[in-house]
Amino acid sequence: MTDEERNIAGRRQLTFYLANQYPMWRVVLVKSIKKILENLDGFYSPIFDELKRYDEEKQSDTVNGEIRNGLFFEALSQSVQAVEDLFSMMKYSGDIPFFAKNVVTYNASKVTRYIRGFDTANTEFLLQQFQVPYLSLNEPWEDTDVFDKYVEAVQLICEYMDALIEHHRTYYFHYCQYKHGMAVALRPFGGSARHGDDILEGVVMTFDNVKFTKRIHTTLPAMMIPDFHTDISKHITALHEEDNLLRAEMKVVNLNLFVGIVEKAYTLLSVLHHNLKMRCEPLKEDNVAEIAFPTRDYKKLMIMGFPTKDS
């Protein structure tokens with residue numbers, strides 16, 4: 001196979017892959033969780049007998065406790081995964097000839113390192129990841145209105161990327177503990193962890209055992225609450241030193257935060273998908289590439305025409 005044949009095959013496979021994607025799924029899922037939270041008792045009443053444990057009597061306590069807490073963790077998890085969806089696609093879609101080899105086989109550690117080391121201040125590199133032409137933001141075009149829209153869109157990409165990276169850093173530990181082994185407390189301190197009167201606000205409680213000397217070099221949460229039962233407290237130092245002291249971290253969260261993150265991730269993923277499709281299509285007769293840019297309405301993209309190298 002020649003390089004040109006591999007490139008053509010890669011473009012065809014990428015086109016097929018994108019045509020079968022539904023990138024809004026995580027938006028749909030998190031917004032579905034929001035709707036469920038707004039009517040928890042009504043949603044779970046018909047199936048509560050199938051869900052309860054043998055020692056559970058009060059439906060409302062269980063639904064508004066363990067089940068509610070689980071839904072917050074699921075929304076949190078979906079928001080972190082939405083960030084990883086975007087960065088995984090960005091990392092590997094630049095090499096279209098080997099797209100199928102790299103994207104479909106997910107490597108969590110490589111994607112995490114890519115997110116951690118991503119430099120949003122490098123605007124040229126940032127725009128390259130989205131297949132967007134890089135032009136100076138300090139040299140206005142003849143059409144100043146179009147130039148202003150370009151600058152605004154580029155700044156929006158930077159703003160959203162910063163928010164997504166920070167969200168991933170803040171909640172990655174909670175995501176891992178929930179997804180890999182359920183090392184989370186859906187019955188925090190044996191009961192509900194509802195926070196205040198806002199139905200969309202709750203508390204996620206995550207277990208941990210890493211000693212503080214290791215924590216300095218990680219992004220793990222800083223505040224941990226150990227169980228000070230006398231059977232534990234008299235051995236707390238020894239347990240801590242052998243990474244064997246069970247602790248828990250609690251964080252107040254609001255469902256709207258997760259909704260906002262998945263919308264931002266979806267917006268940027270939509271931009272990337274559109275621009276990758278353009279790369280895979282034959283050049284148009286007028287040699288103009290229709291490049292997508294984000295808007296603050298996650299359901300809408302802004303399209304701008306740029307001359308191709310062959311024009």
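Structural remarks
- Meets criteria (hydroxyl-bearing (S, T, Y), modelled with pLDDT under 95 and either in contact with a Cys (Cβ under 8 Å, 6 or more places away or on another chain) or under 25 Å from L76 (Cα atoms) (or both)) for Y172: yes
For (1) closer than 16 Å to Q128 by Cα; (2) at pLDDT below 85; (3) touching a strand residue (DSSP E or B) at 6+ places or on another chain (Cβ under 8 Å); (4) hydroxyl-bearing (S, T, Y), each residue gets a yes or a no:
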{"position": "L246", "(1), (2), (3), (4)": "no, yes, yes, no"}
{"position": "L257", "(1), (2), (3), (4)": "no, no, no, no"}
{"position": "V288", "(1), (2), (3), (4)": "no, yes, yes, no"}
{"position": "F293", "(1), (2), (3), (4)": "yes, no, yes, no"}
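- Segment 136-154: number of residues that are acidic (D, E) and either at pLDDT below 90 or touching a helix residue (DSSP H, G or I) at 6+ places or on another chain (Cβ under 7 Å) (or both): 3
- Of the residues screened, V80 is one that is among the β-branched types (V, I, T), surrounded by 14 or more Cβ atoms within 10 Å (Cβ to Cβ), closer than 30 Å to F207 by Cα and modelled with pLDDT of 95 or more.
The values are calculated or read from the model by the stated rules, or taken from the named source; none is laboratory data. As the structure is a computational prediction, the values presented were derived from the model and not from experiment. Heads up, the Cβs are rebuilt from the backbone with ideal geometry, glycines too, and the neighbour counts pull from every protein chain shown.
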